[in-house]
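Down below is the structure, laid out as structure tokens.
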């Protein structure tokens, strides 16, 4: 969905609504619904559920005052002071700002959707208009609550603790959320917020005030998103973006995700030397980390992007068990070490397994939430998608869920579409056993690719065993009573290659049969030093592989650029960050150009171009053939089983 217009939210307009927002904090009335009163007493936390379900007033309505509860909390947390505890004060301020912004959004929607007009004529509406009024009133309320939650989270989430699991476990959910009218929506939301504030187990120290507020308003957003399907007249919400002046804060339809609030996920530390084989993959991964590290936070760009050596999207593929997950951990480990060393913020942001949702639009919503932090220019971001074929499967295949299609739609839009912003500080890595099952449009976004083939040589297999039995030998010396290889020091072959040339010595001609045939045919007409050689080669490849397109040619061009920038950053740059990393953008760019020129010695442009074209076309053929081969192998296997079963059956007779 394209957000074609951006509307400013002016601070002067918000100022006029602040009194209304504050009045809600002083007191609202809410009459609990029967369902909420009689909640399941065997729920997550009985005491909290009972507490939430117990009405505290006389008669039907209960008056709630958040500001009074805050004062009571202040007495409990800071009994001997006049001051309000710092975090409690920030939580209250965040809530007040959220209410102000939500009211502004509700008014804006009412004007844009015609709800204001209907309200003015409320007494003379016929049945159809009355139904439209009610419907727009529900949507206005939902959008207001959504705006409140987004603003609260934008202000408070950066200040909250990284780990909110303890509070999430205490939190027993929101018993009800009313969309009936704006007043009822705010009253209901504040009623349960206040109930939680008053519960003695919820806020035990000052920091809990912010942490709980974040947990509560995240739950509000989840509740609204679950009910989006029931809302009508949402066009004037989804077709625009509201942006707060002089701020990063914006609300785009229902998909607002507070920039830069994602928190790094924990990972196991793995060094490249602990991964056996995979020279190509390890080399690629090391280059990726060095290129990301060159990002300039002041200029908000990366000199490697100008040199053509940066990959916003890359892919590693290979059969199961060859080290994909280890490689992800090794890239994250290397980046984290460099970032800690240079005091740079780092985000390890793997795609969650729970992305595909069963309700319509839910997967797109979750995918947007995952993709948004990748546009944060204030830190380095590595975003791996493990088992990428699960969420990015070929859309035309039979039985592909609507959720997968939504996820792919968002992925394409954010990697090369209306929302694609790449400052050169983030990289998405697709890791898969089945590259042929990935959607063609997704594969065409991949600018760098490498094979993860695991152990391949005698030293590789020796080292793989060594990594296993070494632990036994360390704890019980002499227990592994076997002879070491004479000429080979363990792990000596598992270091990193100096450059791609070392790995690619064999790539002079294609190894895939169909590609080799076309290559030889074209080589009979033109020399590989001629530009026409490649034009003819691409045209003939396209005949054999109809999905081969201009995008593939651009990918080959990126691969050549990657080779041209395939040089080590000198070690002393890492040891003394002032030498390079702390310099300004233009100086860094000049230093890299010098390195690039000296790196070209002994290699010609046409050699590199030929090697990269061969590599890429082999790759295209492998992916195209694998699916067919796998189906044939499966069929052969089935026939063998059938023959063997028949043979055993006849012998048994």
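The values are calculated or read from the model by the stated rules, or taken from the named source; none is laboratory data. Just so it is clear, the structure is predicted and the values come from calculations on it, not from any experiment. Virtual Cβ from ideal backbone geometry, glycine too; neighbours counted across all protein chains shown.
How about segment 144-235: which helices (runs of 4 or more DSSP H) wholly inside it have at least 3 residues that are crowded, with 17+ Cβ neighbours inside 10 Å and more than 25 Å from the chain's Cα centre (by Cα)?
182-198, 206-226
Which one of 578, 644 is surrounded by fewer than 10 Cβ atoms within 10 Å (Cβ to Cβ) and either assigned to a helix (DSSP H, G or I) or touching a strand residue (DSSP E or B) at 6+ places or on another chain (Cβ under 9 Å) (or both)?
Residue meeting the stated conditions: 578.
Against the condition touching a helix residue (DSSP H, G or I) at 6+ places or on another chain (Cβ under 6 Å) and part of a loop (DSSP other than H, G, I, E, B), how does residue 400 come out, does it pass?
Judged against the criteria, residue 400 is not a match.
Somewhere in segment 314-328, is a residue over 25 Å from residue 437 (Cα atoms), assigned to a helix (DSSP H, G or I) and assigned by TED's automatic domain parsing to the domain that holds residue 568?
No, because not a single residue in segment 314-328 is over 25 Å from residue 437 (Cα atoms), assigned to a helix (DSSP H, G or I) and assigned by TED's automatic domain parsing to the domain that holds residue 568.
Against the condition at pLDDT 85 or above, part of a helix (DSSP H, G or I) and over 28 Å from residue 340 (Cβ atoms), how does residue 552 come out, does it pass?
So residue 552 fits the description; yes.
Going through segment 365-381 one residue at a time, which ones are free of Cβ contacts under 8 Å to residues at least 60 places away in the same chain and closer than 16 Å to residue 344 by Cβ?
381
On the given criteria, is residue 553 surrounded by 14 or more Cβ atoms within 10 Å (Cβ to Cβ), out of contact with any strand residue (DSSP E or B) (no Cβ under 7 Å at 6 or more places or on another chain) and closer than 20 Å to residue 448 by Cα?
Taking the combined requirement at face value, the residue satisfies it.
Evaluate the following for residue 309: is it outside any helix (DSSP H, G or I), at pLDDT below 90, over 20 Å from the mean Cα position of the chain (by Cα) and buried (at least 19 other Cβ atoms within 10 Å of the Cβ)?
yes
Does residue 512 satisfy the criteria of being surrounded by fewer than 17 Cβ atoms within 10 Å (Cβ to Cβ) and either more than 13 Å from residue 616 (Cβ to Cβ) or in contact with a helix residue (DSSP H, G or I) (Cβ under 7 Å, 6 or more places away or on another chain) (or both)?
The answer is no for residue 512.
Does residue 599 satisfy the condition of being surrounded by 14 or more Cβ atoms within 10 Å (Cβ to Cβ) and either outside the structural domain of residue 447 (by TED's automatic domain parsing) or at pLDDT 90 or above (or both)?
Here the answer is no, as residue 599 does not meet what is asked.
Condition test on residue 460, is it closer than 30 Å to residue 317 by Cβ, touching a residue at least 40 places away in the same chain (Cβ under 8 Å) and part of a loop (DSSP other than H, G, I, E, B)?
no
Of the numbered conditions (1) within 24 Å of residue 565 (Cα to Cα); (2) modelled with pLDDT under 90; (3) crowded, with 20+ Cβ neighbours inside 10 Å, residue 428 fails exactly one; give the number of that condition.
That leaves (2) as the condition not met.
From the list 25, 14, 71, 88, pick out the single residue that is part of a helix (DSSP H, G or I) and modelled with pLDDT under 90.
After ruling out the rest, the residue left standing is 71.
Among the candidates 400, 446, single out the residue that is surrounded by fewer than 16 Cβ atoms within 10 Å (Cβ to Cβ) and touching a strand residue (DSSP E or B) at 6+ places or on another chain (Cβ under 9 Å).
Unique residue meeting the criteria: 400.
Does any residue of segment 120-130 turn out to be outside any loop (DSSP other than H, G, I, E, B) and in contact (Cβ under 8 Å) with a residue 12 or more places away in the chain?
No, segment 120-130 contains no residue that is outside any loop (DSSP other than H, G, I, E, B) and in contact (Cβ under 8 Å) with a residue 12 or more places away in the chain.
Let me spell it out: the conditions are (1) modelled with pLDDT of 90 or more; (2) within 30 Å of the chain's Cα centre (by Cα), and residue 573 meets all of them except one. Which number is the exception?
Single failed check for residue 573: (2).
Taking the conditions exactly as written (free of Cβ contacts under 8 Å to residues at least 12 places away in the same chain, within 18 Å of residue 321 (Cα to Cα) and surrounded by fewer than 20 Cβ atoms within 10 Å (Cβ to Cβ)), does residue 465 satisfy them or not?
When the stated conditions are applied, residue 465 passes them.
Would you confirm, using the coordinates I've provided, whether residue 350 is in a loop (DSSP other than H, G, I, E, B), surrounded by fewer than 19 Cβ atoms within 10 Å (Cβ to Cβ) and in contact with a strand residue (DSSP E or B) (Cβ under 8 Å, 6 or more places away or on another chain)?
yes
Find all pairs meeting these conditions: Cβ atoms under 9 angstrom apart; at least six residues apart or on different chains; first residue within segment 334-347 and free of Cβ contacts under 8 Å to residues at least 40 places away in the same chain and in the same structural domain as residue 297 (by TED's automatic domain parsing); second residue surrounded by 15 or more Cβ atoms within 10 Å (Cβ to Cβ) and part of a helix (DSSP H, G or I).
Taking only residues 6 or more apart or on different chains, the pairs are 343/577; 345/339.
Residue check, residue 535 against (1) exposed (fewer than 15 other Cβ atoms within 10 Å of the Cβ); (2) over 33 Å from the mean Cα position of the chain (by Cα); (3) outside any loop (DSSP other than H, G, I, E, B); (4) at pLDDT below 90, all met but one. Which one?
(4)
With 618, 607, 625 as the choices, which residue is in contact (Cβ under 8 Å) with a residue 12 or more places away in the chain, surrounded by fewer than 17 Cβ atoms within 10 Å (Cβ to Cβ) and in the same structural domain as residue 563 (by TED's automatic domain parsing)?
625
Going through 110, 135 one at a time, which residue ends up being more than 31 Å from the chain's Cα centre (by Cα) and either crowded, with 21+ Cβ neighbours inside 10 Å or outside the structural domain of residue 26 (by TED's automatic domain parsing) (or both)?
Answer to the selection: 110.
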